[in-house]
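Here is the structure we will look at, set down as structure tokens.
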Amino acid sequence: MTPKEYLEILHTAEKLKDTTRHCTTSKRRTESVAEHSWRLALMAILLRGEFPEADINKLTAMCVIHDLGECFTGDIPTFSKTDKDRETEDRLLNEWVGSLPAEISSYFKALYREMEEQKTIEAKLFKALDKLEALIQHNESPLDTWSENERELNLTYGTDTVAFSEWLTELRKVILNETLDKLG
């Protein structure tokens, strides 16, 4: 990879700093996709001791790249995203990843394939953490910033993706208790 190619990748990824999500921070500022990905990566790093069998470097890479498709489409909340939206995001992401230097392209394609297949511990952890991070952020944001459907979603979202792990199931229960306290 040349320095120019390296910078081109970073310039594209920079768009996630300005791509907002539907959630706000605790101080009512709209969160960016990059901020979500950063905390997701931190969550992965913090699990090193809880999941010693997992390749935390691979998991962290998954967390960092998982929303790169939103550089091209913006963030569409999971409850609003249609199959057509997913197809468009996947197509644009695949085109971009295919245009990257061969080594990076192959690496990213392998990570995306693994995340999609959901067979490895790293892929399962990534999927669970992605959902849990959104729940945590909602619990941290002021309740009046939630849409009505998010009240219900926060009670059930992510339960299925943590079922493979007792530790994550317990974390989901703690997050649910925070939600219930918030909802009063």
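The values are calculated or read from the model by the stated rules, or taken from the named source; none is laboratory data. Just so it is clear, the model here is predicted, and its values are computed rather than measured. A quick note on method: Cβ atoms are made from the backbone with ideal geometry, for glycine too, and the neighbour counts reach across all protein chains shown. In case anyone asks, the SASA skips ligands and DNA or RNA and just uses the protein heavy atoms, side chains included. Shrake-Rupley method; radii C 1.70, N 1.55, O 1.52, S 1.80 Å.
At a glance:
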| quantity | calculated |
| --- | --- |
| Of the criteria (1) in contact with a Cys (Cβ under 8 Å, 6 or more places away or on another chain); (2) not in a helix (DSSP H, G or I), which one Ala134 fails | (2) |
| Search result, residues across region 67-80 that are among the aromatic types (Phe, Trp, Tyr) and assigned to a loop (DSSP other than H, G, I, E, B) | Phe79 |
| Check on Glu150, within 30 Å of Pro3 (Cα to Cα), under 19 Å from the mean Cα position of the chain (by Cα), among the acidic types (Asp, Glu) and open to solvent by less than 30 Å² (accessible area, probe 1.4 Å) | no |
| Within region 39-51, considering residues that are free of Cβ contacts under 8 Å to residues at least 12 places away in the same chain and of a type in the set (A, V, I, L, M, F, W, C), the one nearest to Arg91 (Cα to Cα) | Leu42 |
| Check on Glu31, over 22 Å from Gly98 (Cα atoms) and touching a residue at least 40 places away in the same chain (Cβ under 8 Å) | yes |
| Candidate set: region 52-66, residues that are without any contact (Cβ under 8 Å) to a residue 40 or more places away in the chain and assigned to a helix (DSSP H, G or I); chosen: the one surrounded by the most Cβ atoms within 10 Å (Cβ to Cβ) | Thr60 |
| One residue from Lys27, Lys4 being open to solvent by 70 Å² or more (accessible area, probe 1.4 Å) and either of a type in the set (Val, Ile, Thr) or in a helix (DSSP H, G or I) (or both) | Lys4 |
| Residue within region 8-16 that is open to solvent by 70 Å² or more (accessible area, probe 1.4 Å), under 25 Å from Thr145 (Cβ atoms) and in a helix (DSSP H, G or I) present | yes |
| Subset of region 81-123 (residues that are outside any helix (DSSP H, G or I), surrounded by fewer than 17 Cβ atoms within 10 Å (Cβ to Cβ) and either aliphatic (A, V, I, L, M) or in contact (Cβ under 8 Å) with a residue 24 or more places away in the chain (or both)) | Pro101 |
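Rundown of residues vs (1) under 20 Å from Ile136 (Cα atoms); (2) acidic (Asp, Glu), yes/no style:
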{"position": "Tyr6", "(1), (2)": "no, no"}
{"position": "Ile9", "(1), (2)": "no, no"}
{"position": "Lys15", "(1), (2)": "no, no"}
{"position": "His22", "(1), (2)": "yes, no"}
{"position": "Lys27", "(1), (2)": "yes, no"}
{"position": "Val33", "(1), (2)": "yes, no"}
{"position": "Met43", "(1), (2)": "yes, no"}
{"position": "Leu47", "(1), (2)": "yes, no"}
{"position": "Glu53", "(1), (2)": "no, yes"}
